[in-house]
Amino acid sequence: MTMQIGNSRWPNASRVFLVLLLSSICSFAAHAAELRGIVSDPLGAIVPYAEVTLLRDNTALTQTTTNDLGEFVFSSLSAGRYRVRATASGFTQQESPEVYVGGGKAPHIVVPLKLGTVTQQVVVSATGTPAPDSQVGASVAVIRDVTLTGKLDVLEPLRLVPGIQVLQTGPRGGTTDLFVRGGNADANKVLLDGIPVNDIGGRVEFGNFASNGIDQVEVLRGPNSVLYGADALASVVSLSTRQGKTRLPEFTYSIDGGNFRTKRQEVSIGGEHGPFDYFYDFSRFDSENGEPNSAFHDGTYAGSFGWSPNSSTQVRLTVRRTATALGLANALDLYGIPDDSFQKEQDTYYGVTAQNQTTERWHNLVRYGATRLRFQFDNPSPTGEPFDPLGSGANFLGNEVTLRGANGFVTSGRAILDFAGVYPSLFDSQSNRDFIYSQSDYKFNRHLSGLFAFRYEKESGFTRFGGTKTPTDRNNFSYIAQLEGNLWDRFYATAGVGIEDNAIFGIEPTPRVSLAYYLVLLRSTSFLNGTKLRFNFGRGIKEPAIFDESTSLFVLLSQLPNGAQLASQFHAKPIGAERARSFDFGADEIAWSGRAKLGLTLFHNEFEDQIEFVDASVLPQLGVPVAVAAATPFGASVNSGAYRAVGAEAELEFNLGHGITARGSYTYLDAVVQRSFASSALSPAFNPNFPTISIGTSTPLVGGRPFRRAPHSGDFLIGYAQPKFTLSLSGSLIGRRDDSTHLIDAFFGNTLLLPNRNLDTAYQKIDLNGSLRINSAVELYTSLENILNQRYDAAFGFPSLPFAFRTGMKFTLGGESWKIH
């Protein structure tokens with residue numbers, strides 16, 4: 001018997017995993033509940049004679065000591081949620097996550113102790129299973145607590161991750177790109193509780209992703225298509241939704257306001273009852289953004305609901321819905337007048353995950369998820385002064401402007417803001433993704449474990465401009481195998497391969513190897529406490545976007561009367577995957593009795609087979625037969641681009657005690673376009689005011705830098721946290737970047753173009769956030785952004801927000817602060 005999903009078959013292995021999960025839900029043991037575990041050091045070695053305290057609702061219930069094998073057990077427990085606190089000489093006290101105890105097999109947990117007080121986290125994105133970052137070779141950052149507190153959008157704390165540049169076009173709500181180690185904006189796999197957030201082809205609109213309901217953000221810098229398939233070309237960003245954790249429901253309501261007629265409200269309720277936990281959150285944000293036709297609205301709902309029918313099984317439902325509306329004034333600095341366009345988006349994500357600890361060594365997981373993305377753009381009427389010197393239809397011009405680049409070049413004139421055509425001008429798109437993911441991981445022994453997984457994705461959607469609709473319908477499969485282990489508690493390795501079977505580009509293998517070696521083992525004595533060397537190699541892939549697919553040679557030919565014959569005669573194939581090959585090597589040093597951490601990473605990324613739209617006259621240079629090139633109306637999208645990005649990341653973190661933490665990083669990026677057949681690369685433009693300087697109009701020239709990626713960037717965070725008071729000062733420091741004005745003058749000339757090199761000005765965005773708890777029920781908070789009131793354009797011509805502030809109050813009822821009788 002087979003299970004049918006769409007036009008695809010779900011393999012027997014996936015059915016086995018599901019049967020194991022469902023059968024375990026119905027299996028309850030008659031004996032009293034137990035909680036078992038092991039206490040280990042940061043490198044996984046057992047810690048005997050450690051003190052372990054059993055906690056429930058922040059109350060210590062009982063205490064025990066680990067045996068010679070580092071094991072502990074608590075017996076005769078009533079059903080409920082528990083966690084443990086472990087302490088041992090030479091280590092920092094550590095608490096485990098909560099686990100549900102009640103019926104079925106006794107849960108078995110591992111509590112890795114920390115050395116000192118610098119950040120040490122359990123991560124998942126690098127290995128697919130929870131692992132202490134001390135045992136992982138990949139470059140992983142975890143964002144939570146003071147880094148997230150007070151931030152409206154997920155994009156803001158991402159600015160504080162080494163190797164990442166966040167570029168927001170204009171004020172809040174504007175299109176926001178994430179560049180990781182030089183990768184393109186669509187080269188990042190983004191997951192919400194394991195549910196892909198990406199549009200088809202990899203795009204993610206970070207400008208719409210509010211931080212409400214988000215408990216943690218984990219960022220893996222580097223490709224990991226082994227575990228996550230297509231689009232994990234440069235990074236993986238994993239978002240986790242908050243969960244209810246208190247037996248007495250906790251209700252919160254916050255309200256704040258600020259300049260630019262900004263107002264925001266958020267309400268949440270969360271808690272747990274027996275085997276169930278729940279969390280709901282809704283926020284609404286509105287701002288006029290300080291410029292004409294730039295008002296932004298965001299309404300976001302987030303929910304997480306868990307059920308633990310027994311100690312070894314958990315089922316969780318995640319739901320998130322976002323509806324945004326944004327006025328699009330366009331580049332005010334380039335046109336001098338605002339456009340009247342606007343856009344709306346409605347994004348929905350939901351998924352159900354069931355997992356079971358089948359035996360102490362064997363864990364199984366099945367997840368179903370869905371993503372629904374809806375986008376509408378409307379330019380209701382042309383804006384600007386009509387201008388028709390040729391009598392072929394009026395275009396509409398902006399005001400006279402003077403443009404000054406950070407490179408010292410200046411030009412003046414009037415640009416075409418809206419072209420002649422039919423108005424209103426409409427564009428809309430839809431993307432649907434349904435997937436099933438099944439995973440089985442097994443610990444062969446203390447030193448070796450394996451993970452095997454399968455993923456099926458059903459993708460469908462369309463883009464539509466005017467009356468032209470370009471649909472897609474894809475069935476994709478992923479097969480995953482990975483081994484993870486360690487030798488001598490000093491050397492750690494993860495090696496795996498993914499096989500991607502994509503409906504567009506076919507079968508692509510993606511290997512990955514990650515190594516960590518302790519040159520000096522972790523220790524609590526002396527000033528230097530441990531030295532870890534890291535190495536990673538991986539290949540990543542990205543699938544084509546709907547536009548890339550619909551304008552590919554293969555699709556364009558298939559639409560012609562003799563297209564099938566041409567495709568067969570000249571062996572035309574569907575458009576291929578974009579590929580990345582990445583190496584990085586790094587070293588981490590723990591120092592000052594575990595209160596300081598220094599990291600240095602060198603990386604080398606090759607981005608190959610990048611998709612470009614190539615003019616028909618250029619296609620023969622790529623080996624396309626003249627007859628095929630001539631059959632395309634204007635050109636086609638092909639895998640013709642390539643660039644490399646090499647660089648270094650340095651980061652330093654301190655825990656100064658008394659609630660004070662400080663961290664900072666610097667990234668150097670040397671990115672160069674190696675090959676491009678786009679029209680502006682092969683036929684550069686020349687502004688008659690600078691006749692000897694070649695300019696890339698819409699894409700960079702060969703030998704130039706990819707646009708909007710700074711060679712020099714940095715960040716810092718200084719935080720102070722006490723039970724009643726928090727304060728954090730953070731900054732993102734971005735150097736000059738290559739770019740283009742992308743402008744056409746009134747006579748379709750180049751007089752408004754400026755040289756690409758260092759066109760964008762450097763800027764420093766510095767923010768201050770603070771809160772004051774009056775009592776258990778009332779908290780005051782404030783957020784000050786761009787406190788230097790720096791006037792800057794993150795993207796050339798699009799002014800970013802000047803100094804912006806919000807201040808408000810948060811009310812809390814119930815939860816841990818209220819005594820439970």
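The values are calculated or read from the model by the stated rules, or taken from the named source; none is laboratory data. Treat the numbers as computed from the prediction; the structure is a model and nothing was measured. Note: ideal-geometry Cβ built from the backbone for every residue, glycine included; neighbour counts use all protein chains shown. Please note that ligands, DNA and RNA were not included when accessible areas were found on the heavy atoms of the full protein model with its side chains. Shrake-Rupley method; radii C 1.70, N 1.55, O 1.52, S 1.80 Å.
In the range 302-314, which residues are touching a residue at least 60 places away in the same chain (Cβ under 8 Å) and either among the aromatic types (Phe, Trp, Tyr) or assigned to a strand (DSSP E or B) (or both)? First the steps, then the outcome.
Kept after step one, since they are touching a residue at least 60 places away in the same chain (Cβ under 8 Å), are these residues of the range 302-314: 302-304, 306, 308-314.
Matches in the range 302-314: 302, 303, 304, 306, 308, 309, 310, 313, 314.
I'm trying to understand the selection: among the residues of the range 685-730, which are open to solvent by less than 60 Å² (accessible area, probe 1.4 Å), in a loop (DSSP other than H, G, I, E, B) and in contact with a strand residue (DSSP E or B) (Cβ under 6 Å, 6 or more places away or on another chain)? Please lay out each step first, then the result.
Let us first name the residues in the range 685-730 that are open to solvent by less than 60 Å² (accessible area, probe 1.4 Å), namely 685, 687, 690, 693-697, 699-701, 703-711, 713-717, 719, 721, 726, 728-730.
So of that shortlist, the ones also in a loop (DSSP other than H, G, I, E, B) come out as 687, 690, 693-694, 696-697, 699-701, 703-711.
Of everything in the range 685-730, those that are open to solvent by less than 60 Å² (accessible area, probe 1.4 Å), in a loop (DSSP other than H, G, I, E, B) and in contact with a strand residue (DSSP E or B) (Cβ under 6 Å, 6 or more places away or on another chain) turn out to be 697, 700, 704, 705, 706, 708, 709, 710, 711.
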Of the residues in the range 377-429, those that are under 19 Å from residue 336 (Cβ atoms), of a type in the set (A, V, I, L, M, F, W, C) and assigned to a strand (DSSP E or B) number 9
*Does the range 222-234 include one or more residues that are assigned to a helix (DSSP H, G or I) and open to solvent by 20 Å² or more (accessible area, probe 1.4 Å)?*
yes
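Would you confirm, using the coordinates I've provided, whether residue 68 is surrounded by fewer than 18 Cβ atoms within 10 Å (Cβ to Cβ), touching a Pro at 6+ places or on another chain (Cβ under 9 Å) and not small (Gly, Ala, Ser)? Outline the logic, then answer.
Details: surrounded by fewer than 18 Cβ atoms within 10 Å (Cβ to Cβ): yes; touching a Pro at 6+ places or on another chain (Cβ under 9 Å): yes; not small (Gly, Ala, Ser): yes.
Against the criterion (surrounded by fewer than 18 Cβ atoms within 10 Å (Cβ to Cβ), touching a Pro at 6+ places or on another chain (Cβ under 9 Å) and not small (Gly, Ala, Ser)), residue 68 qualifies.
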Problem set entry | Condition check for residue 783: of a type in the set (Gly, Ala, Ser), at negative phi and surrounded by fewer than 19 Cβ atoms within 10 Å (Cβ to Cβ) | no
Reported set for the range 278-324 where residues are open to solvent by 30 Å² or more (accessible area, probe 1.4 Å) and under 25 Å from residue 807 (Cβ atoms) is 282, 284, 288, 290, 291, 295, 297, 301
*asked:* surrounded by fewer than 20 Cβ atoms within 10 Å (Cβ to Cβ), within 24 Å of residue 362 (Cβ to Cβ), modelled with pLDDT under 85 and basic (Lys, Arg): is that true of residue 15 in this structure?
replied: yes
**Prompt:** If you check residue 573 against the conditions, is it without any contact (Cβ under 8 Å) to a residue 24 or more places away in the chain, under 25 Å from residue 675 (Cα atoms) and charged (D, E, K, R)?
**Reply:** yes
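Just one of 610, 565 is polar (S, T, N, Q), more than 30 Å from residue 135 (Cβ to Cβ) and assigned to a strand (DSSP E or B); which is it?
Working: 565 fails: assigned to a strand (DSSP E or B).
Testing whether each residue is polar (S, T, N, Q), more than 30 Å from residue 135 (Cβ to Cβ) and assigned to a strand (DSSP E or B) leaves just 610.
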Quick count over the range 506-540, residues being under 30 Å from residue 88 (Cβ atoms) and part of a strand (DSSP E or B), is 14
Among strands (runs of 3 or more DSSP E) entirely within the range 40-107, at least 1 residues that are touching a strand residue (DSSP E or B) at 6+ places or on another chain (Cβ under 6 Å), more than 27 Å from residue 307 (Cα to Cα) and modelled with pLDDT of 90 or more occur in 51-56, 59-65, 71-77, 80-87
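Inspect the range 272-295 for any residue being touching a helix residue (DSSP H, G or I) at 6+ places or on another chain (Cβ under 9 Å) and in a strand (DSSP E or B) and give the result as yes or no.
no
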Filter the range 443-478 for residues that are over 26 Å from residue 203 (Cβ atoms) and of a type in the set (A, V, I, L, M); the one that is modelled with the lowest pLDDT is 448
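For the range 664-679, give me each residue that is touching a residue at least 40 places away in the same chain (Cβ under 8 Å) and over 20 Å from residue 710 (Cβ atoms). Full working, then the answer.
Here is the first cut: in the range 664-679, the residues touching a residue at least 40 places away in the same chain (Cβ under 8 Å) are 664-671, 676-679.
Hits for the range 664-679 are 676, 677, 678, 679.
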In the set 327, 398, the lone residue that is under 20 Å from residue 292 (Cα atoms) and touching a residue at least 60 places away in the same chain (Cβ under 8 Å) is 398
Would the range 339-354 turn up any residue that is closer than 22 Å to residue 279 by Cα and either more than 22 Å from the chain's Cα centre (by Cα) or modelled with pLDDT under 95 (or both)?
yes
ask   = For residue 396, are the conditions met, namely being on the phi < 0 side of the Ramachandran plot and open to solvent by 10 Å² or more (accessible area, probe 1.4 Å)?
value = yes
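Within the range 541-558, can you find the residues that are in a helix (DSSP H, G or I) and over 23 Å from the mean Cα position of the chain (by Cα)? Before the answer, list the steps.
First, pick out the residues of the range 541-558 that are in a helix (DSSP H, G or I): 546-550, 553-558.
Listed by number, the residues that qualify are 549, 550, 553, 554, 555, 556, 557, 558.
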Of the residues in the range 360-392, those that are open to solvent by 60 Å² or more (accessible area, probe 1.4 Å), touching a residue at least 40 places away in the same chain (Cβ under 8 Å) and of a type in the set (S, T, N, Q) come to 376
Expected output for the range 748-764 (first residue within 22 Å of residue 673 (Cβ to Cβ) and touching a residue at least 40 places away in the same chain (Cβ under 8 Å), partner acidic (Asp, Glu) and assigned to a loop (DSSP other than H, G, I, E, B), Cβ below 6 Å, 6+ apart or cross-chain) is 756/738; 757/738; 759/739; 760/739
Within the range 108-161, the residues that are open to solvent by 40 Å² or more (accessible area, probe 1.4 Å), under 24 Å from residue 582 (Cβ atoms) and under 17 Å from the mean Cα position of the chain (by Cα) are 124
